[in-house]
Amino acid sequence: QVQLVESGGGLVQAGGSLRLSCAASGSILSINVMGWYRQAPGKQRELVASITSDNNTNYADSVKGRFTISRDSAKNTVYLQMNGLEPEDTAVYYCNAVLRVSIWSLNKAYWGQGTQVTVSS
């Protein structure tokens, strides 16, 4: 059983910062990609940032220069440092991990339960 547990969401004023964390636990052989997605009310879930096992990163254009993704592979944890937050960043943020649980399994995507980020103007 694999679990992704997120923390760090909350309410912040525009221009402020938050740091999200997501720890993967359970029977994990290897993690390929970890990332953050978000979903605002009435909108589709979108990729915010991702990071591969060799630390290649990818960001949505809307967050480039403001958000930074990083990971601690020893702890199976991914972080999202969010600076210069804007009201448009308000959403539920979901952690995602593409991982294998055994040498006989393929990569599979897992999701966290989501954490609310609210940016007031």
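The values are calculated or read from the model by the stated rules, or taken from the named source; none is laboratory data. All values reported here derive from a predicted model rather than from experimental measurement. Backbone-built Cβ (ideal geometry, glycine too); neighbour counts: all protein chains shown. Ligands, DNA and RNA are excluded from the accessible area calculation, which covers all protein heavy atoms including side chains. Shrake-Rupley method; radii C 1.70, N 1.55, O 1.52, S 1.80 Å.
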Check your understanding: Of the residues that sit in segment 55-80 and are in contact (Cβ under 8 Å) with a residue 40 or more places away in the chain and surrounded by 15 or more Cβ atoms within 10 Å (Cβ to Cβ), which one is farthest from LEU4 (Cα to Cα)?
Key -> LEU80
**Study point:** Selection from segment 96-108 of residues that are free of Cβ contacts under 8 Å to residues at least 40 places away in the same chain, touching a strand residue (DSSP E or B) at 6+ places or on another chain (Cβ under 9 Å) and not in a strand (DSSP E or B)
**Key:** LEU106
Point to revise | Residue in segment 17-36 that is among the hydroxyl-bearing types (Ser, Thr, Tyr) and outside any strand (DSSP E or B) present | key: yes
Check your understanding: Can you pull out the residues in segment 31-41 that are open to solvent by 50 Å² or more (accessible area, probe 1.4 Å) and modelled with pLDDT of 95 or more?
Key -> ASN32, TYR37, GLN39
Practice item. Could you tell me whether any residue of segment 81-95 is in a loop (DSSP other than H, G, I, E, B) and closer than 27 Å to GLN1 by Cα? Key: no
Practice item. Test each condition in (1) in contact with a strand residue (DSSP E or B) (Cβ under 7 Å, 6 or more places away or on another chain); (2) surrounded by 13 or more Cβ atoms within 10 Å (Cβ to Cβ) for GLY84 and report the one that comes out false. Key: (1)
Review point. Somewhere in segment 105-112, is a residue modelled with pLDDT under 95 and open to solvent by less than 40 Å² (accessible area, probe 1.4 Å)?
Key: yes
